[in-house]
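Notes follow once the structure below has been shown.
The values are calculated or read from the model by the stated rules, or taken from the named source; none is laboratory data. Predicted model, so just to flag it, every value in this text is computed and none were measured. All Cβ positions, glycine included, derive from the backbone under ideal geometry; neighbour counts span all protein chains shown.
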Amino acid sequence: MSLVVSGLSISIGGTLVVDDISFSVPDGQRFGIIGESGSGKSMTALALLGLLPEEALVTGSILYQDRELVGLRDRDFAAVRGDQIGIVFQEPQTALSPLRRLGAQMTAALRIHYTLSRAQAQEAAIDLATRVGLPNPESIVRAYPHQVSGGQRQRAAIAAAIAAGPDLLVADEPTTALDVTVQAEILDLFRRLSEEGGTSLIFITHDLAVLRQIADRMIVLDGGRVVEQGSVTSVLRNPQHPSTRALVAAAHATAWKRPEARP
Amino acid sequence: MSRPSAAPMERAPFIAPRHRSWVIRLLRHPTGAVSLGVIAIVCLAAAVSFVWTPYNPSSADAYARWLAPSGAHLLGTDAVGRDTLSRLMLGARVTVVVATVATALAAVCGTVLAVVGTFSYRVVREPIAVLIDVLIAFPTLLIAMMLAASFGGSTAVVIVAVGISNGVNIARVLRPEIRQVAGSDFVRAARACGVSKPGILWRHILPGVTPVFIVQLSLTAALSILAEAGLSFLGFGAPSASSSWGRMLAETQKYVTAYPLAVVWPGLAVTITVLAFHLLGDALREVTDPQLTRYDGTNRAMRQLRTLVGPR
């Protein structure tokens, strides 16, 4: 078992935003967390990386490779972030600093966790750009974020998250801000990265149609609680909880009958 | 497993932008180049004054009082027959020293106050916020006069007064900027890559506030020159033996109706130098902000100018 979350609760300013949730993600598995806005899914993601706001109160346990992450000091957590667990956020517009070149941002984790020469970092940046399918890798690593498209920015953000080769990648709604064709490409990229590197993936979304294309197992969050869990196909075939049904209905209503639906 | 989808999926090919360093972009910026030129002339005049001035700036000549500008005395002479140009060059020294030292002091003060006032523990943070608000209430000139009254008037007192009060002002402007950058997504993303808190400060937050910071610094330089001139004019600044633009104004203003030109020269020197620092600040902001800059290194002001002037 690579990641075991048990009895995780998060409260911010006296409000319980995540209430006693438990799940586990074995090595190499693609795991989905789904829920409406405010269901606590992003807070769960931030807790996995110790990035919750300082006033947040976390109880329970997050065991990653048999190491307890809850209560870890920030300095120790920094050694885990990027190196062992990476995260991709929702907004490609703002997830990259406007002041630094893509290459420098993509290799940030590498340069922190390993010692690289300038030439090695440059080479690594080009290699990463190629792996995430950025066009013209040699020149795009020298570009600033505002000079490339939203999809390309998200690819760069993914490159930054996988740079140091983490074994677990958390993707917090990485396709929500993108249009549908780019969405499909990014999903493809995530699937390929997890297959090639054997990386576990935690994919957070509110869109069942997206989740269905990428995850094997899933949990459904509602009001900070796990209301349903199991394999994606079984949950979809036989949704038990009203909120799951609502999500299924929403997916049906919108993009459910998309032609490229799972191969 | 190895699918060919590793190939580029987005169609538009990316063309590498030609990126010029901001120094070159500043030199190509119309107001940037001009203001930099003016500041360079002032600095040069101050430097040259150490080895050469047209006349001895402190030697009085009873036969050359109130001379009009001429070939011999380019800007004329004052009440005791001293060469105005020579005295202006000497005054430039005070101006340059005050502008650099006071601005450096303000920069350090402002940054430390703003950073500590944002990231430190609550017991440190909140008193700093109060301190900033209280000090803001006192005008620079008032602080300088109070200091001068207790420590005696000198250029050093002017520098400390101007440096600290502008430092507080910089901190006041910088603090919300820092807070905004610190709360942005890319800082969270960088933290997620494992960047430590000092690393975030150094790589993301300070560069993120640099455009604002630079504008504030050039404003500070302009304000410190103005404050020095003002305090010297009032008799709090440079001692009477030395020559500063403010002193020159004070000495000549009695004769403004009889010899207006004698007042105009130091006044013009102060005005032009202050204006140059203001314009330099604007130009710097434009060339250091990548979002205002195009691939080719031109920026909005230059493009506007070109649309007015037409293609060359």
Among the residues of the range A:68-93, count how many are more than 8 Å from every other protein chain (Cβ to nearest Cβ) and without any contact (Cβ under 8 Å) to a residue 12 or more places away in the chain.
3
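Here's the yes/no breakdown for (1) acidic (Asp, Glu); (2) at pLDDT 90 or above; (3) within 17 Å of residue B:269 (Cβ to Cβ):
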residue: B:14; (1), (2), (3): no, no, no
residue: B:23; (1), (2), (3): no, no, no
residue: B:48; (1), (2), (3): no, yes, yes
residue: B:61; (1), (2), (3): yes, no, no
residue: B:97; (1), (2), (3): no, yes, yes
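How about the range A:20-69: which of its residues are among the aliphatic types (A, V, I, L, M) and surrounded by fewer than 16 Cβ atoms within 10 Å (Cβ to Cβ)? Break it down into steps so the answer makes sense when it comes.
Applying the first criterion (among the aliphatic types (A, V, I, L, M)) to the range A:20-69 yields A:21, A:25, A:33-34, A:43, A:45-49, A:51-52, A:56-58, A:62-63, A:69.
Hit for the range A:20-69 is A:57, nothing else.
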Residues of the range A:102-143 that turn out to be surrounded by fewer than 21 Cβ atoms within 10 Å (Cβ to Cβ), within 7 Å of another protein chain (Cβ to nearest Cβ) and over 27 Å from residue A:195 (Cβ atoms), as a count
2
Selection status of residue A:111, over 30 Å from residue A:7 (Cα atoms), in contact (Cβ under 8 Å) with a residue 40 or more places away in the chain and not aliphatic (A, V, I, L, M)
no
What is the number of the single condition among (1) touching a strand residue (DSSP E or B) at 6+ places or on another chain (Cβ under 8 Å); (2) modelled with pLDDT of 90 or more; (3) over 11 Å from residue A:106 (Cβ atoms) that residue A:152 does not meet?
(1)
Only residues that are more than 17 Å from residue B:105 (Cβ to Cβ) and without any contact (Cβ under 8 Å) to a residue 60 or more places away in the chain: list them for the range B:139-148, please.
B:139, B:142, B:146
If we take the range B:89-196, then helices (runs of 4 or more DSSP H) inside it with 2 or more residues that are farther than 28 Å from residue B:50 by Cα, within 14 Å of chain A (Cβ to nearest Cβ) and of a type outside the set (A, V, I, L, M) are B:122-136, B:155-182, B:185-192
Filter result (surrounded by fewer than 19 Cβ atoms within 10 Å (Cβ to Cβ) and either among the acidic types (Asp, Glu) or at the interface with chain B (Cβ under 7 Å from one of its Cβ atoms) (or both)) within the range A:144-184:
A:146, A:149, A:167, A:179
